[in-house]
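All remarks here apply to the structure that follows.
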Amino acid sequence: MEIKGQIEEFIYRNEANDYSIAVFSMNENEILTVVGYLPFIAEGDCLKLHGKMVVHQEYGEQFKIDTFEKIMPETAESLGKYLASGTIKGVGPATAKRIIDKFGDETLNIFKLEPKRLAEVKGITEERAIEIGEEFNEKWEVWQIVSFLEGFGIGANNAKKVYDALGKDAVQKIAENPYILVDVAYGVDFNKIDKIALQIGISNDSDERVKSGIKYALLVSSYNGNTCVCQENLLQYAQQILEVSRENIENNLIALNMAQEIVIERRGEEDWVYLYPLYKAEKNISDRLHLLNHCENVKYIKNFEKEIKAQEKNIGIELSEKQFEAILQVNENNVSIITGGPRYRKNNDY
């Protein structure tokens, strides 16, 4: 389902990921609530939304956004609302009204093609007119990344993260090397990116493709909770998804290691491969545990067994052998690592 209109007001907005609830007007008489990810969107923006109507148990009928496309305001009135929203620095409701009153239906063309003419409006200097025009057009370019990323299977919820990582030239950088998305967006579909990259002429055995495939293979492993992968298994999997020579993959492993994008660690007879950030995270945990374990044990309780018995009597419980052993370990060591989830017994007795 597709609808067109203008954002009138944000009811709620998550600043971290731009998940939003907003009032959306399709015309004067038709207003509805829309929910979904709306990065780079401000009050007053005109949008084409793709999604479906849903009924919220508490708030009633809403339009759930799957994807969106920002469109040019189709009337002077809608452009006036956009400008009055404060999206352009230094242009508020009063200045927006003067601009619309001056240029009417030609306002959009003035901003895009003749920004110097904004100086014809009272209160705007020629220098400021050029700045306003540049900011208007720059903001208009930014939202293009959302629709551009849709082609790579990356939704609006990831678009802001990609833009923050790559900057205003994001579209150009991705067009030149789509594999860069593996580094900056979570949960990307490598096969989809790979297909597009090959279609635009990137060589099957290019270093960019092979390096990206290696990092993607490590990412897939991390989704299953693994911080590293046996190098032999990694080579086999990378060769399977890339269909290039083993030598090519091995050469790019060395290059990635030298660039500190991955870490190769020798353990006994095997090499294990980490993505560099995961290696640093694991090493940091290890270093901190080592430091804690060699500090003075200031919580040590003398006559521990006697004290435990007294507490059992006071509270009215009796520890099992394993429970006593666990508490004893905490008493005698600075660091105790407990792994595994809780074990549930029958009849909710746990």
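The protection proxy used here, the mean number of other Cβ atoms lying within 10 Å of each residue, ranks peptides 213-219, 18-24 as follows, highest first: 213-219, 18-24. Once the C-beta distance of Lys122 and Glu9 is scaled by a Förster radius of 35 Å, the resulting FRET efficiency is 0.75 to the nearest 0.05.
What's log10 of I(q)/I(0) for the range 2-70 at q = 0.12, 0.23 Å⁻¹, Debye sum over Cα points only, no solvent? Relative scattering, expressed as log10 I(q)/I(0), comes to -0.26, -1.01.
When both the range 124-164 and the range 24-99 are represented by their alpha-carbon centers, they are found 16 Å apart.
Assign unit charges at the C-beta atoms only (+1 for Lys and Arg, -1 for Asp and Glu), then state the dipole size of the range 195-350 relative to its Cα centre in Debye, rounded to the nearest 20.
Details: 19 positive and 23 negative charges, 133 e Å.
So the magnitude is around 640 debye.
Look at the alpha carbon pairs under 8 Å that are at least 6 residues apart: their mean separation over the length of the chain gives a relative contact order of 8 percent.
The length gained by stretching the chain between Leu289 and Leu328 to full extension, at 0.36 nm per residue less their Cα-Cα distance, is 12.2 nm. Normalised size of the range 167-312, defined as Cα radius of gyration per 2.2 N^0.38 Å with N residues, equals 1.50.
Beta carbons within 10 angstrom, averaged per residue: use that to sort the peptides 144-157, 34-47, highest first. Write down the numbers at each step before the final one.
Details: 144-157: 18.7, 34-47: 20.5.
Peptide ranking by packing, descending: 34-47, 144-157.
Remark: relative contact order (the range 203-294) = 30 percent; criterion is Cα-Cα distance under 8 angstrom and separation of 6 or more residues. Converting phi to 3J(HN,Hα) with the Karplus coefficients 6.51, -1.76 and 1.60 and the offset θ = phi - 60°, the range 113-127 yields 10, 9, x, 4, 5, 4, 5, 6, 8, 4, x, 10, 7, 5, 4 Hz in sequence order, with x at every glycine or proline.
Pairs spanning more than 19 Å between alpha-carbon atoms, out of Lys215/Lys280; Lys173/Lys211; Lys81/Lys102; Lys52/Lys160; Lys139/Lys160; Lys48/Lys97: Lys52/Lys160; Lys48/Lys97. A protection proxy built from the mean count of other Cβ atoms within 10 Å ranks the segments 238-251, 322-335, most packed first, as 238-251, 322-335. At full extension, Lys102 and Val54 could sit 13.1 nm farther apart than now, given 0.36 nm per residue minus the alpha carbon distance.
Placing one equal scatterer on every Cα of the chain and applying the Debye formula, the log10 ratio I(q)/I(0) at q = 0.11 Å⁻¹ is -0.94.
Put a plus charge on the Cβ of each Lys and Arg, a minus charge on the Cβ of each Asp and Glu, and nothing anywhere else: the dipole of the chain about its Cα centre is then about 760 debye. Contact order for the range 2-70, expressed relative to its length and based on alpha carbon pairs under 8 Å spaced 6+ residues apart, stands at 31 percent.
Rule-based calculations on the coordinates, nothing more; no lab input. Just so we're clear, the structure is a prediction, and the values are computed from it rather than from any experiment. When we count neighbours, we look across all protein chains shown, and the Cβ atoms used for this are built from the backbone with ideal geometry, even at glycine.
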